[in-house]
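Single-structure report; data block below.
The values are calculated or read from the model by the stated rules, or taken from the named source; none is laboratory data. Since this is a predicted model, take the numbers as computed values, not measurements. FYI the Cβ positions are ideal-geometry reconstructions off the backbone, even for glycines, and counts take in every protein chain you see. Note: accessible area is taken over every heavy atom of the protein model, side chains too, but ligands, DNA and RNA are not part of it. Shrake-Rupley method; radii C 1.70, N 1.55, O 1.52, S 1.80 Å.
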Amino acid sequence: MNYIIAIDQSTSSTKALLFDEQCHVVARTNVDHKQYYPQTGWVEHDAEEIYQNMIAAIRQLVADYLSADNQFSLAITNQRETAVVWNRLTGKPVSRAVVWQDTRGAELCRQLRAEGHAKHVFDKSGLLIDPNFSATAIKWLLDNVDGARQLSTRGELLMGTMDTWLIWKLTGGKVHATDYTNASRTMLFNIHTMQWDDDLLRLFDIPRSMMPEVKPCDAIYGETTCEGLFSQPIAIAGVLGDSHGALVGQMCFDTGSGKVTYGTGSSVMVNIGQQPKAAPAGLVTSVGFSAFGRVYYGFEGNIYSTGATLKWMADQLQLVGHPSEMEALATSVGDNGGVYIVPAFSGLGAPWWQSGVKGAVFGLTFATTKAHILRAALESIAYQIKDLVDVMSRATGGKLCEICADGGPTKNRFLMQFQADMLDTPVVCTEVDDASALGAVVMNGFARGLWKSFDDVAAFRKVTQTFLPRPSATKETLYLGWRNAVNQLIRN
C-alpha cells in the first residue's frame, strides 16, 4: 500500500492522519502543545515542542503499518502567520514562536498606518496592516530578543511560519522553504510578482537572508526519515496553510466557491480565480492555492476566536467539561435571553480589524443562566461568520449558493442550523472532519503525479449533511443585537 501521512499542525495541537490513495483516513493521532501567555495580549508556542510532538505523532500513527510492502510520503498543513526565528548554525529558536493571535505588534501597526503605509502594503501583499500577520512578530523578535538583530545582519538567523520550521527540521536543515499560501500571509510577500518584496522587507527591517525559498503547494519539498523512523527517506510533498488546505479539501476549485473552517479561529475564504483582485473593505486577498503551474487567489476574512471561545468556556470558566456538552445546554433554553458575547480575546478580526478591543458580555440580568451564556457563545460564532459572508456576497455579486463547512464545531447541530438561518444559505458539511489535512493530501498527490487534474479528486468530497435555512421572525432582531454589542466595544 501507498500511504500519505498528513500533518495538520494547528494552533492547539499537532494531528497526524494516515490516508490511503483513495483519500480514506485509516488512522489518526493527536498531540496537544502548551499555550504560553507571558503578558496580556501575548500568545506563544514552543517550536521545539511542536516538532517533537509531530515526530511522536507520526511514530504512533504508523506503528502498525511499518513494513517493507508499505510506502509513505508526507504532506503538511499548518497554522498560519505564527512566526519562528531560529539560528541556522545551532538549529535553536531565538525565542518561543509568536502566535498569530498575539497582539504585541499592534503599536507598530498603528504607527505604520499613521505614516501612510496602509495602501502600499495592501497593494503589494493584499493584506491589511495588522499584528495577525507575521511581519510585525518577526520585527519584534529581531528588535527585542537579546543579540537577535546582530545575528540577523550576519546572516545567521532564519525565519519561517510553522511549515518552514518543520520542513527545515525534518530535512536536517537542508531545506529552508515555504509555499505560496503561507508566504502570502506574512505581509512580506508580493502576490503579484510571487516573490518576497524588497520594499516590504525594508519597511519591516527584515533581512532578505532570513527568508525561505517559496514554492507551489504541489511541489516536492525534500526528503526525511522522521528522525530514523523510516529506513529509507520519504518525500515531503504538498504544503499549504490550514485554511487553504480546507479550500482544497472542500474541492473549491471553481471561481465563486467558498468554505468556512471552524477551528480555534475561523477562516472564510472564496475562490476568486487566477487574478489577484483587490479585496473589499474588511477583507484581504491571499493566494488560495497553487497547482499545475497556476495560482488561484481568494478573498478571505479571519475571525480570531470561534472554537477558542468554546474551549475557554470549558477550560477557563469550567461551565462544561468539554465543548461537546454545550449543545444540549444551549438548546435547553428557547433563546439567548438577551445575552451577547463578543469574543475579542485577541481583538476583533475581519471585517472590523480592531486589534485593541477586549472581549465583553452584554445583556446580563438576574434571569441569565449558564445555558444562556453557552448559547450566546455558540451564537457569537455564527454572527461573526455572517459579518464576513455578507461582505463577500456583496463583493462577488450576490449571495453564495452554499457554504462548505469543516472543523470540529460542525458536529454541533445547533450551531450549524443557526449558521444556516443567519446566512439564509445552505451550510454543507462533509464526511472529512479534517478538510485541511485532505487538502494537503490532494497537493501531495498532485506533486507525485498520482492525480492529474482537479476532476480526478473532486469525487473525494462526500456531503454528510446539509443544513437548510429556516424562516425566522427573530433573525434580524438577533443580528441587530450582535451589531449593537460590537459597536459598543468599538466606540469605547
Within segment 170-204, tally of residues that are out of contact with any Ser or Thr (no Cβ under 9 Å at 6 or more places or on another chain), farther than 22 Å from A291 by Cα and either touching a residue at least 12 places away in the same chain (Cβ under 8 Å) or among the hydrophobic types (A, V, I, L, M, F, W, C) (or both): 5
The one condition in (1) touching a helix residue (DSSP H, G or I) at 6+ places or on another chain (Cβ under 9 Å); (2) closer than 20 Å to P469 by Cα that S332 fails to fulfil: (2)
Quick check on this structure: which one of V442, V427, V463, V391 is β-branched (V, I, T) and either out of contact with any strand residue (DSSP E or B) (no Cβ under 8 Å at 6 or more places or on another chain) or over 25 Å from V284 (Cβ atoms) (or both)? V463
Residues of segment 22-41 being open to solvent by 40 Å² or more (accessible area, probe 1.4 Å) and either within 30 Å of T103 (Cα to Cα) or of a type in the set (A, V, I, L, M, F, W, C) (or both), which ones? V25, V26, N30, D32, K34, Q35, Y36, Y37, P38, Q39, T40
Residues satisfying the stated conditions in segment 37-76, i.e. under 30 Å from G359 (Cβ atoms) and either assigned to a helix (DSSP H, G or I) or touching a Leu at 6+ places or on another chain (Cβ under 6 Å) (or both): A47, E49, I50, N53
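Residues checked against (1) closer than 22 Å to A177 by Cα; (2) surrounded by fewer than 17 Cβ atoms within 10 Å (Cβ to Cβ); (3) at pLDDT below 90; (4) not charged (D, E, K, R):
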{"residue": "A16", "(1), (2), (3), (4)": "yes, no, no, yes"}
{"residue": "D20", "(1), (2), (3), (4)": "no, yes, no, no"}
{"residue": "E48", "(1), (2), (3), (4)": "yes, no, no, no"}
{"residue": "I58", "(1), (2), (3), (4)": "yes, no, no, yes"}
{"residue": "S67", "(1), (2), (3), (4)": "no, yes, yes, yes"}
{"residue": "F72", "(1), (2), (3), (4)": "yes, no, no, yes"}
Suppose we filter segment 1-36 for residues that are assigned to a strand (DSSP E or B), farther than 25 Å from I220 by Cβ and charged (D, E, K, R); how many remain? 1
Any residue at all in segment 77-94 that's of a type in the set (F, W, Y) and either open to solvent by 10 Å² or more (accessible area, probe 1.4 Å) or assigned to a loop (DSSP other than H, G, I, E, B) (or both)? no
What is the one condition in (1) assigned to a loop (DSSP other than H, G, I, E, B); (2) open to solvent by less than 10 Å² (accessible area, probe 1.4 Å) that L229 does not satisfy? (2)
Could you check how many residues of segment 473-490 are open to solvent by less than 60 Å² (accessible area, probe 1.4 Å) and either hydroxyl-bearing (S, T, Y) or in contact with a strand residue (DSSP E or B) (Cβ under 7 Å, 6 or more places away or on another chain) (or both)? 7
